[in-house]
1. Answer yes or no: is there a residue in the stretch 30-52 that is in a helix (DSSP H, G or I) and closer than 25 Å to MET148 by Cβ.
2. Which condition number does THR66 fail, the rest of (1) at pLDDT 95 or above; (2) more than 16 Å from ligand 1 (Cβ to nearest atom); (3) of a type in the set (Ser, Thr, Tyr) being met?
3. Within the stretch 252-267, is there a residue that is assigned to a loop (DSSP other than H, G, I, E, B) and on the phi > 0 side of the Ramachandran plot?
4. Is there a residue being away from ligand 1 (no atom under 16 Å from the Cβ), surrounded by fewer than 21 Cβ atoms within 10 Å (Cβ to Cβ) and either acidic (Asp, Glu) or free of Cβ contacts under 8 Å to residues at least 60 places away in the same chain (or both) anywhere in the stretch 104-114?
5. Would you mention how many residues in the stretch 78-119 are out of contact with any Asp or Glu (no Cβ under 9 Å at 6 or more places or on another chain) and outside any helix (DSSP H, G or I)?
6. State all residues of the stretch 8-27 that are charged (D, E, K, R) and closer than 21 Å to PRO104 by Cβ; if no residue qualifies, say none.
7. Go through ASP25, ASP35, ASP19, ASP60 for me and flag whichever is touching a residue at least 60 places away in the same chain (Cβ under 8 Å) and either away from ligand 1 (no atom under 16 Å from the Cβ) or not aliphatic (A, V, I, L, M) (or both).
8. Determine which member of the set ILE178, ILE207 is closer than 24 Å to GLU57 by Cα and in a helix (DSSP H, G or I).
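The values are calculated or read from the model by the stated rules, or taken from the named source; none is laboratory data. It should be emphasised that the depicted structure is a prediction, and the values quoted were computed from it without experimental measurement. Here the Cβ positions follow ideal geometry from the backbone for every residue, glycine too, while neighbour counts run over all protein chains shown.
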Amino acid sequence: MMLPTELRRAALLALAEPDPVAKCDAVRGLRAIADNIDTTAALVEPVGIPGRPVRPELVDPHQLSTRGVHTPERRAILLHALAHIEFNAINLALDAIWRFADMPEAYYTDWLKVAEEEVFHYGLLTAYLADMGITYGDFPAHDGLWRMTARTCGDVLARMALVPRTLEARGLDASPPIRAKLAQAGDHRAAEILDVVLRDEIGHVAIGNRWYRHLCAQRGLDPLAEYEILALRFEAPILRGPFNVPARRAAGFTEEELAALVKRAGVGPLPPRAPSAFAAAPSPSAP
Ligand SMILES: [Fe+2]
Ligand SMILES: [Fe+2]
């Protein structure tokens, strides 16, 4: 695919690309133009985004079961569901780049880094699935992540609050029990892939926190109170826990925010701060 030489326009074309291999190639090409960002252009949304292949068939989440990992087929279904989340995550990172104008350049390069890492995760999972004889699209999938992305298309503040800081953060909580199940079933390769993904996802949530706080400061909003308002307005899922508190701390949630999270879920109190396994995770500096 011939891409434009300006980052936001090129991200939009990559988002529109339906073929996963071509989409991943397009994302890999973005780094070369990362210093050419038109931050002010209001780009027009084309029909048909996000581009995605005909399969997987998208179904209601209740029709899907990813429970149990003790047979190769059950493991393949689970890993396929994770690959689908990564495919959607590539799209949501590209959408954050093209859609929202008038952000600092660092916002766009942060989301480019996210898009590159989602391509990497998608590649790890689909390569492993290929060893099992499975191709992305072989099982049905659901569309929850993209639906919240679409709902928050009108405001970058809502997008940061509800996609990286809510849905991707939920991935931090979901990862340890899934990893434990896979390791227990003897699938150490899958467990290793989950370790890589979790490490990077802490960085993605941190990027969500960075720009959420930047926008709250710019608009004179209190981040804690504003989150409650946005979560209600956009019907964010209520997170039930258990929460991966060390990973959430490494991703930059404040103690107040974590206390509100566990209170809302009716679990708690917060475990005390301890030397964290994620202490070395990248934490973006203030914009
Ligand atoms: Fe990812
Ligand atoms: Fe991510």
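1. Applying the first criterion (in a helix (DSSP H, G or I)) to the stretch 30-52 yields 30-33.
Filter once more, so that each one left must be closer than 25 Å to MET148 by Cβ: 30.
Within the stretch 30-52, one or more residues are in a helix (DSSP H, G or I) and closer than 25 Å to MET148 by Cβ.
2. Against the list (1) at pLDDT 95 or above; (2) more than 16 Å from ligand 1 (Cβ to nearest atom); (3) of a type in the set (Ser, Thr, Tyr), THR66 comes up short only on (1).
3. yes
4. yes
5. So the answer is 3.
6. Across the stretch 8-27, the qualifying residues are ARG8, ARG9.
7. Exactly one of ASP25, ASP35, ASP19, ASP60 is touching a residue at least 60 places away in the same chain (Cβ under 8 Å) and either away from ligand 1 (no atom under 16 Å from the Cβ) or not aliphatic (A, V, I, L, M) (or both), namely ASP60.
8. The unique qualifying residue is ILE178.
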